[in-house]
Amino acid sequence: MGRAEERRARQGGARRGKQKVKKKGIRRFFTWKKMLGTFFGLCLLAMGAFYVIYLMVPIPTGNDEAALESNVYKLSNGQVLARTGQVNRETVALAQVPKPIQQSFVALENKTFYEDKGVDFKGTARGIIKTLMGKGAQGGSTITQQYVKNNYLTQEQTVTRKLKEIVISLKVDQRYSKDTILAGYMNTSYYGRNAYGIQAAAQAYYGKDVSQLSLSEGTYLAALLQAPSQYDWQVAGKTGKELVKGRWNKALDNMVEMKTLTPEARAKLQFEPPRDAKADPGMQGQTGYLVAAAKAELIRNHVDEALLARGGWTITLNIDPAKQKLLESAVKDQLTSKLDPKKRKVDADLQAGAASVDPKTGSVVALYGGQDYLKHQLSNASNTTYQPASTFKPVILAAAFNQGAQTQDGKPITANTVYDGDSSRPVKGSDIAFAPPNEDHRDYGPISVQDAMNKSVNSVFAQMGVDAHLDKVRDTAVAMGMKSIEGLKPVPAMTLGSYGASPLQMAAVYATLDNHGKEVTPSIVKTAEHKDHKYNKPDPIGSQVISRDAADSVTSVLTGVVDDGTARDSVAAADNRNGKQVAGKTGTSDDNKSAWFTGYTPDLVTSVGMWGEAASPRTVQVDGKDVHIPAGGQVTMTNGAGEAGRVNGGSIPARIWAGYTFDAVKGGADKFDLETDQGAAKEPVYTPSKTPSNTPSKTPSNTPSKSPSGTPSKSPSGTPSKSTDPTGSPSNTTSHKPKPPTPTSSKSGGASPPDDPLVPNAGD
């Protein structure tokens, strides 16, 4: 072999040594070149498909849904309750809308409106992803896209509809001027209060022509569009008002950023709340409350508000006309027929709300929102402003039972556990000092949980709330249906029902107890039907949020409140009870601003709330200072409706409950099906704090056990003795001498004021 041949042989061997081993199996399909090629191929395919869609999809004529129809509301027996949804729209030229208001709409909804091509591709992609994830077509829409959705398409949330929206928006932006699109958007949008278009909205919210709106007023209408019902100032809760004011501020700040408003002019602008809505005359009495509750539930369950307002729905309610009539009659018999504002000024301030729920189905079978929807449109059945007071105490007991909580001394909390029931006793184990008074500052000494519930002893349940961990008590309340306190800071005063709740929420809480611990979400809508849309009603019966043993044990304890406690006179003694077993709890808040009774039989749960709501502005004296109370503010009910002194939960609310319930549950079950071995329904009530007798005490002490008048002396014995519960175990408290059963309103308690941001309620 020559040198040249040898060299070529060596080079060929080297090249062969550098050759890569061929990939085998599925790996040969996943080279980076093939993956990159596939990606670009898919991109080209998508672009081609979009181009085909662009060519094929024309700008349609206005959709048929722009022609509004009525919604029909029916009771559970098919009887028509109301028809709503008449057209309320007046199209106006953009020139009639003041230029600053036009700019505020653009600043809030689509800052690039005058520069973009009608579509925000980044935001739209985000919306499509959310749609695919089942969260609805959210965000990312330009003003052009929203106008296209309103005028040419439907409100359905699908990827197909979103793609059509993109294509049509691009074409609309090419064909029409920006002013035409902006005018179309303002005239087709839904603003709430059955108002379509900015002219109808100006009339509905401010009672004036759109051309007369101030920038502040027009900006509120722009802010309103995102969620008209939630942001309507008249009915919005605290959160809704904060959100809409936040959007109002954002719109004006964006105008400054866009240089369409000077900082000096921005600083002078003040938020101008709209006037109250004028109700449809057909909504008088309870009708408006029932319709409003049904609409709120549908919107809460993801029916688009604008779609609902367009009409064409047949909505059947769970309301039982017979039970509804009974509830209205009970309120009239026990309250409204006795009101005489000319004789007693306080009577003009009295309001009542009630909700009645089937615990097995969650159906709201009767509801009372107020005397007349045309006069008072905020439903008292859903008003979460007022304290539920001691009707919250069963939640504390449920939380304690459910987690097997213990006292500060490590004893399990049961119906027979003994607590110190003295008034203004400082709570132990709390980082926040709290020493709540009992009603009338009454001392009870050692007292069982059962007896404390019967007598509604504040000091016991304040301590139990800490023992059961306040955060767990709050979470239990939310899980059982008291959604208004979700996320709020757990503080000791919440144990006395200081956070607001509605009759509907309290009915949910007690229905969950009646349903053996399975969550019940009250539902007023039975069905909602539309020829083009489907309503997916969620199941009102949820998961097991507290154990059956905990729920049944609380129910057993609450039978004692009715048979031996604060509700005995009004409920247990009712002529038409006919042996029905009843569980329930009374509540009366501080300064007698609210009073409650929430109770249940095996078949029906009803919560009745009553409160003082100022019918007109006034000035009152508080601690020697003048305090202005606006119309709608909270005021006392004392001496109202002919009651002598305080209106307790065991008085008018309990009488309304009894007057309604026992007729409403005729033929139903008489006894609760309870799986528990404790509480008043299962065993005799143990009452450690008994009315003292005149017989000498068997316990030796250094002082006489009886004063000359026969009243037990309050002087302490030489050494404190430990009391025992019925099992013979020592209690967690030091025993006290028996206290007189008469109220001692002059007692100060000697404890420092509670260092808590909430004011404790009066008990009951």
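The values are calculated or read from the model by the stated rules, or taken from the named source; none is laboratory data. Being a predicted model, the structure only gives us computed values, none of them experimental. Cβ coordinates were reconstructed from backbone atoms using ideal geometry, including for glycine residues, and neighbour counts include every protein chain displayed.
Odds and ends about this structure:
- Condition met for LYS111 (at pLDDT 60 or above and surrounded by fewer than 19 Cβ atoms within 10 Å (Cβ to Cβ)): yes
- Taking the range 615-662 as the range and being among the acidic types (Asp, Glu) and in a helix (DSSP H, G or I) as the test, no residue passes.
- Taking residues in the range 263-284 that are touching a residue at least 60 places away in the same chain (Cβ under 8 Å) and under 19 Å from GLU242 (Cα atoms), and partners anywhere that are of a type outside the set (Phe, Trp, Tyr) and exposed (fewer than 15 other Cβ atoms within 10 Å of the Cβ), the pairs with Cβ atoms closer than 9 Å and at least 6 places apart or on different chains are PRO274/GLY207; PRO274/GLN234; ARG275/GLY207; ARG275/GLN234; ASP276/GLN234.
- Looking across ASP471, ASP475, ASP451, one residue alone is farther than 23 Å from GLU519 by Cβ and of a type in the set (D, E, K, R). It is ASP451.
- Residue selection: LEU378 satisfies the criterion of being within 19 Å of the chain's Cα centre (by Cα), of a type in the set (A, V, I, L, M, F, W, C), surrounded by fewer than 24 Cβ atoms within 10 Å (Cβ to Cβ) and within 30 Å of ALA614 (Cβ to Cβ).
Listed here are the residues, each with its yes/no results for (1) of a type in the set (A, V, I, L, M); (2) in a strand (DSSP E or B); (3) at pLDDT 95 or above; (4) closer than 19 Å to ASP670 by Cβ.
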position	(1), (2), (3), (4)
THR527	no, yes, yes, no
ASN536	no, no, no, no
ASP569	no, no, no, no
ALA574	yes, no, no, yes
TRP596	no, yes, yes, no
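- Selection status of ALA681, closer than 26 Å to PRO394 by Cα, surrounded by fewer than 20 Cβ atoms within 10 Å (Cβ to Cβ) and small (Gly, Ala, Ser): no
- When VAL491 is tested against the conditions (1) crowded, with 23+ Cβ neighbours inside 10 Å; (2) of a type outside the set (D, E, K, R); (3) under 24 Å from SER430 (Cα atoms), the lone failure is (1).
- Options ALA435, ALA452, ALA398; residue that is modelled with pLDDT of 95 or more, among the small types (Gly, Ala, Ser) and assigned to a loop (DSSP other than H, G, I, E, B): ALA435
- Here VAL418 clears all of (1) under 30 Å from ALA681 (Cα atoms); (2) touching a strand residue (DSSP E or B) at 6+ places or on another chain (Cβ under 9 Å); (3) surrounded by fewer than 24 Cβ atoms within 10 Å (Cβ to Cβ) except the condition numbered (3).
- Selection status of ASP590, over 19 Å from SER390 (Cα atoms) and acidic (Asp, Glu): no
- Among the residues examined, ALA348 qualifies as over 16 Å from SER607 (Cα atoms) and either among the hydrophobic types (A, V, I, L, M, F, W, C) or in a helix (DSSP H, G or I) (or both).
- Residue count, the range 309-333 (criterion: crowded, with 18+ Cβ neighbours inside 10 Å and at pLDDT 95 or above): 13
- Residue within the range 496-514 that is part of a helix (DSSP H, G or I) and either closer than 25 Å to GLN408 by Cα or among the basic types (Lys, Arg) (or both) present: yes
- For the range 494-525, taking the residues that are more than 14 Å from THR391 (Cβ to Cβ) and among the hydroxyl-bearing types (Ser, Thr, Tyr), the one that is surrounded by the most Cβ atoms within 10 Å (Cβ to Cβ) is identified as SER523.
- Taken over the range 68-117, the criterion of being under 28 Å from the mean Cα position of the chain (by Cα) and hydrophobic (A, V, I, L, M, F, W, C) is satisfied by VAL72, LEU75, LEU81, ALA82.
- From the list ALA306, ALA293, the lone residue that is buried (at least 22 other Cβ atoms within 10 Å of the Cβ), among the small types (Gly, Ala, Ser) and in a helix (DSSP H, G or I) is ALA293.
- Boolean, GLN226 is surrounded by fewer than 17 Cβ atoms within 10 Å (Cβ to Cβ), modelled with pLDDT of 90 or more, within 23 Å of ALA293 (Cα to Cα) and of a type outside the set (Gly, Ala, Ser): yes
- Count of residues meeting criterion [outside any loop (DSSP other than H, G, I, E, B) and either touching a strand residue (DSSP E or B) at 6+ places or on another chain (Cβ under 7 Å) or aromatic (Phe, Trp, Tyr) (or both)] in the range 538-567: 9
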